[in-house]
Amino acid sequence: HFARALDDLAPRSRLLRASWAWQAALRRAGRRGRSPAPHAMPRRMAAARGCRRPRRATVLALVLGATASTAVAASASTYTSAPGVVLAANGRPLKDEMPLRTQGRYIVGRSGERVKLACVNWYGAHSGTYAVGGLEKQPLSEIVAKIVELGFNCVRLPYSTEAQWHNPVIKAEFVTHNPQFAGMHFAEVFHEVVTAMTDAGLMVFPNNQNHKAGWCCYYKQDEGLWYVPGYPASVWVDGLVNMTLKYRDNPLVAGIDLRNEVHDYDGTVLTWNTGSNYTDWAAAATEAGNAVLAVNPNVLIFINGICFGMEFRPARQHPIQLTVPNRVVYEAHNYLEYNFLSLFSEVVLAWYSVRALTGVAVGVCGAVLSAFIFTWRLLETPKPSPRTAFVTFTFWIFGYALVATALAQAVNMALRRLPGCGYWANRDAVPAVVACIAIAVLSLLVALSACCLHRLAPCARHCPLLASCCCPRLRPLLRHSSGRGEASDGTTSDEATDEERSDEVALVEPLYAPGFSSCGQARTRWKACLRRRCLGKEKVSHDVEDATLDHAQSVAWDCGLCVGLQCSILCFTLLAVMLGLFITAAIAPSYRLLEMHLDNSWGFLLQEGYDYTAPVWMGEFGSPVPGHYWNNLVQYVNDRDMDFAYWALNGRKWTTGYIDTLNGGKWVETPAHWSEDKFGLLEADWKTVRYAWLMLDLRALQTTPATWRPTRPYCDRRVLGPACGG
């Protein structure tokens, strides 16, 4: 794209210079009090324009177009112009700012000025290769120089507990371009990588990614807990302490990332500040953080959130406090699949398609509802009794609450089974289920009570048991509804006195009159109305008009009108649902909705002046396409000027299997092989930038303050697929 922009820039620049020459001639002529000759227009410009005189609007468009092309071309090369020495914002080497500490929502250095973490993840040591990726493609020094060249000042370096404790030998095939590492153990190669980066001035943050070496993380993996079979919590803490001790004398190993993406597993629902040894992540992180600070009080402690790093709401009431103050940095992770609305657009249906479908549905429901209302007006707006309307609407409320209860319970079950975050179910879904059940029960009791207290005949006739058990005053209706049978006192209904019959009538107040006469009248009046509108009033028979319109008698509220009322309410319900879906589809891809979600989940931690205020490090995020999700997330990171670590540097990854989403999300083993990582900043050759747009976005986030602007349109879903969103 940038090569084409540069190719287009040359003729535009020549044309621009020609237009500037013509404007200068105009100015000189104006100062001399005469107009320039038409032949004074530059030949190149005349040939390009195909006319004698350039219009001012055209010249302005050319100026703007050439300026934009120049800016694009210049920005295309900026990601390769980073200085060779990693500096802090104040121009000093990062090493001079060590150790780091927190101050409010920021991380600051020794000078008290902010040190923004603009990091990249460099994975591989946590996998079955036991070595960081790329050593089989490029020398270590070249990869480290590339990280510095791309403008990053730190690296998040994942490793596994298995590799740390068992210290396996690195196979030669994984370090092809670094033969000095062949036959060396994990600890030695890992140390060489850390030393190479810190010698280049980069900060390094070791991250305990998983216990058992391999790819991570999935909600059906036990790696979501900080303890797994063979690696209890004590081994996890000891491993963190040993890693801290190993690099205690290296100040650029400035922090320890305790654990990656903790989440529920196999019925174990993680909690926060509950005191449980098996579920309380806050307590486990506090214990591990204090153990690390006991051997090196100068490092930062990065603490991932529950629910794969997405949730920090419990920290509002119970922030983590360590023995050494100003050391806690909360770590959030975010990907497209972590956002349900974005995931829906990618997996199920695009939001613009939802808008189109629901727009048609809104029109249809609105037309049908308008027809019902018009028919009601043709019938001179008959109204049900207040008691009838009360019972009708309370039963509808009961139906709404029942549907809402079913939906809330479905969400509750999905949250407990699918994403590994029972906290969401306990905090959000369960209260919603309880509230819906309470509304449903209350509305049902009110409706049934109305049936009894207002002595409505259909309740007694269609439900004699209810009338006899719940409302003794309706028991005479049983005798009335049983026809010529024997009453409860042994007498027959024919023997009832006139006084008893009048009492029964007083007790009975029907919901509606029997029959559907209103439907026939509605049909007749519709025909008359259509004739009058289509043929004209003077051509309509006076008899028909007098009988149907002018001298129509009031219509009684009967069974037909009652059915019409239920259909109207149903149509109104569908209209409201479709309208709600249309509005949801309109705002789902928007930035404001993502902003509200993230602020509620963990963004509040960045608010100054509270006990829970602390830096939030976006430890993992990434996308292979510049879609709605990516642009919105980058805008959020930019607006909050957050510290971040992009996932990932790697151009390819060591693959041993895949997640079979069509078969219950099972992990399917495959022969180990290298595969492309579409999220990677570099190509498989480990020296070519994969996506220029992505690197430009990250470079804009690296500055303090961040300078990213939403100037680029969203990607085309038809070209790059559903990941574009929208």
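Before moving on, here are some points about what is shown:
- In the range 127-148, the residues that are acidic (D, E) and touching a helix residue (DSSP H, G or I) at 6+ places or on another chain (Cβ under 9 Å): E136
- Of everything in the range 398-414 that is touching a Cys at 6+ places or on another chain (Cβ under 8 Å) and open to solvent by less than 30 Å² (accessible area, probe 1.4 Å), the residue that is farthest from W602 (Cα to Cα) is A401.
- Test result for F395, open to solvent by 50 Å² or more (accessible area, probe 1.4 Å) and touching a Cys at 6+ places or on another chain (Cβ under 7 Å): no
- Look at (1) within 30 Å of C715 (Cβ to Cβ); (2) of a type in the set (A, V, I, L, M); (3) in a strand (DSSP E or B) and you find that L343 fails only one, number (3).
- The set of residues in the range 137-170 that are open to solvent by 10 Å² or more (accessible area, probe 1.4 Å), assigned to a loop (DSSP other than H, G, I, E, B) and either more than 20 Å from D685 (Cα to Cα) or not basic (K, R) (or both) comprises Q138, P139, G151, N153, N167, P168.
- Hits in the range 298-328 - residues which are under 24 Å from G420 (Cβ atoms), surrounded by 24 or more Cβ atoms within 10 Å (Cβ to Cβ) and not aromatic (F, W, Y): I301, I303, N304, G305, I306, C307, G309, M310
- Meets criteria (under 26 Å from the mean Cα position of the chain (by Cα) and part of a loop (DSSP other than H, G, I, E, B)) for P314: no
- Any hit, the range 360-383, residues being in a loop (DSSP other than H, G, I, E, B) and closer than 30 Å to F644 by Cα: no
- Among the criteria (1) aromatic (F, W, Y); (2) closer than 30 Å to Y219 by Cβ; (3) in contact (Cβ under 8 Å) with a residue 60 or more places away in the chain; (4) touching a helix residue (DSSP H, G or I) at 6+ places or on another chain (Cβ under 7 Å), the one F302 does not fulfil is (4).
- For T195: the one exception among (1) open to solvent by 30 Å² or more (accessible area, probe 1.4 Å); (2) in contact with a strand residue (DSSP E or B) (Cβ under 6 Å, 6 or more places away or on another chain): (2)
- Verdict on V295 being touching a helix residue (DSSP H, G or I) at 6+ places or on another chain (Cβ under 8 Å), more than 22 Å from H318 (Cβ to Cβ) and surrounded by fewer than 24 Cβ atoms within 10 Å (Cβ to Cβ): yes
- Pairs, first in contact (Cβ under 8 Å) with a residue 12 or more places away in the chain and part of a loop (DSSP other than H, G, I, E, B) in the range 261-272, second open to solvent by less than 20 Å² (accessible area, probe 1.4 Å) and polar (S, T, N, Q), C-beta under 9 Å, six or more apart: E261/Q209; E261/N304; V262/N304
The values are calculated or read from the model by the stated rules, or taken from the named source; none is laboratory data. Just so we're clear, the structure is a prediction, and the values are computed from it rather than from any experiment. All Cβ positions, glycine included, derive from the backbone under ideal geometry; neighbour counts span all protein chains shown. Side chains included, ligands, DNA and RNA excluded: accessible areas come from the protein's heavy atoms. Shrake-Rupley method; radii C 1.70, N 1.55, O 1.52, S 1.80 Å.
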